[in-house]
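Presented below is the structure to which this report refers.
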Amino acid sequence: MARGSRLTKLDAFSKTVEDARIRTTSGGIVTICSVLVVLFLVLGEIRDYRRVIVQPQLVVDKNARGELLPININITFPHLPCSLVTLDVMDISGEQQSGISHGIHLTRLTPHPELAPVSTTQHHVHEEGALHLDPNYCGPCYGAPPPEGHNGCCNTCDDVREAYISMGWGLPDDGKGIEQCEREHYAEHLAEMRDEGCNVAGHLLVNKVVGNFHIAPGKSFTTSSMHVHDLQLYYDTPKEHTMSHMIHHLSFGPELPEDKDPLHAQKVPGSLMGNNPLDGTVAWSKVKPYNYMYFIKVVSTSFLPLGVEPGEPGSLDTHQYSVTSHERNLAGGADADHPDRLHARGGIPGLYFSYDISPMKVINREVRPKSFLSFLTGIFSIIGGTLTVAAAVDRGVYEGGLRVRKLHQG
């Protein structure tokens with residue numbers, strides 16, 4: 001009994017007898033309003049607890065050694081035919097890929113401004129080749145050393161061009177007087193494509209190191225440790241070829257369709273797909289000797305759905321990039337818009353993309369902003385706080401009513 005009396009003194013919730021309780025209409029209204037407020041706030045708390053946010057994290061990319069980097073491109077040249085387009089890749093390790101055709105599709109386009117597809121071709125203008133020739137045929141190289149790996153022969157017009165280029169010579173009169181070029185209708189092919197445009201689309205696979213890829217006119221080759229292009233057909237033509245271009249798409253890493261891009265679906269700024277700064281870029285040049293340079297910083301990016309850790313199935317890896325650009329007239333001299341700025345003279349016209357790989361990696365991780373304990377704490381806070389405020393309001397209304405009645409009676 002003594003123990004019970006000691007515990008009774010600690011009771012913080014004193015009770016009133018049923019007969020001492022007074023129920024009022026205003027109290028009922030306050031109770032209903034309190035229940036509605038509690039329900040509304042609890043539903044908001046549940047929704048907030050179930051909400052998933054994307055939390056970015058910056059870490060050092062320690063697993064980039066030996067990786068290959070996919071590059072996805074889709075670029076249109078309104079005033080450059082596919083017969084002149086050459087795509088090359090170089091990197092700081094010394095590796096070069098010249099005249100890339102694997103994974104790249106060139107689509108011939110009707111003259112600007114229509115730019116409708118004509119046909120799809122690869123880098124080679126000639127489609128006939130020399131398949132119908134005698135197996136023992138060995139074509140002359142007309143005074144130039146034969147290209148390596150051709151058994152001392154020049155069996156196609158391309159072989160003759162390559163041999164001439166190695167000597168620094170240009171192909172005379174669109175190949176007239178050269179047996180291989182006449183057989184392959186080289187001049188006719190060039191005349192047919194002269195006024196066309198070209199769309200370059202496809203995928204490159206490069207080493208994940210500092211490097212560049214460029215699209216320039218004319219066949220590329222290396223001489224005296226220098227990378228150069230045969231620009232004869234670019235400059236010596238009645239058609240005003242230029243390096244004007246429209247970049248429809250340029251991205252690094254695996255391409256994610258929109259339904260697979262979680263950040264895009266949540267309309268989060270910086271989505272994995274929708275953050276390609278060069279998409280939609282348009283540049284127009286009125287002169288032939290002109291080049292465009294884009295300096296790109298590539299950052300590895302991962303997306304980890306809720307409960308997925310790096311390297312586990314379900315994680316999505318791609319890349320984002322930032323870019324700065326520069327363009328100049330290869331004739332040199334003062335800049336048209338900034339007379340105090342002088343441009344260097346010389347260079348190869350083209351579209352140059354220099355990319356650098358960031359040592360950092362961005363991890364976009366799905367997380368819940370609230371733990372279960374925080375959720376429970378919020379629920380109890382809502383219920384307790386609402387009831388406390390409701391009791392104070394009910395008490396104020398009740399006592400106010402009593403005073404009004406006393407004033408009327410007095």
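The values are calculated or read from the model by the stated rules, or taken from the named source; none is laboratory data. Remember, it's a predicted structure, so these values are computed and weren't measured experimentally. Note: ideal-geometry Cβ built from the backbone for every residue, glycine included; neighbour counts use all protein chains shown. Keep in mind that these areas ignore ligands, DNA and RNA; they rest on the heavy atoms of the full protein, side chains included. Shrake-Rupley method; radii C 1.70, N 1.55, O 1.52, S 1.80 Å.
Data for the structure
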quantity: Leu43 being open to solvent by 40 Å² or more (accessible area, probe 1.4 Å) and modelled with pLDDT of 90 or more; calculated: yes
quantity: From the options Gly94, Gly28, residue that is surrounded by fewer than 17 Cβ atoms within 10 Å (Cβ to Cβ), at pLDDT below 90 and at positive phi; calculated: Gly94
quantity: Those residues of the range 237-264 which are part of a loop (DSSP other than H, G, I, E, B) and modelled with pLDDT of 80 or more, in sequence order; calculated: Glu240, His241, Thr242, Met243, Ser244, Gly253, Pro254
quantity: Filter result for the condition that a residue is in a strand (DSSP E or B), in contact with a Leu (Cβ under 8 Å, 6 or more places away or on another chain) and under 30 Å from Pro56 (Cβ atoms), over Thr318, Thr324; calculated: Thr318
quantity: Residue that is nearest to Thr31 (Cα to Cα) [pool: residues in the range 370-394 that are open to solvent by 70 Å² or more (accessible area, probe 1.4 Å) and aromatic (Phe, Trp, Tyr)]; calculated: Phe380
quantity: Residue list for the range 161-194, filter: of a type in the set (A, V, I, L, M) and either over 18 Å from His229 (Cβ atoms) or buried (at least 17 other Cβ atoms within 10 Å of the Cβ) (or both); calculated: Ala163, Ile165, Leu171, Ile178, Ala187, Leu190, Ala191, Met193
quantity: The range 97-138, subset modelled with pLDDT under 80 and in a strand (DSSP E or B), residue most open to solvent (accessible area, probe 1.4 Å); calculated: Thr120
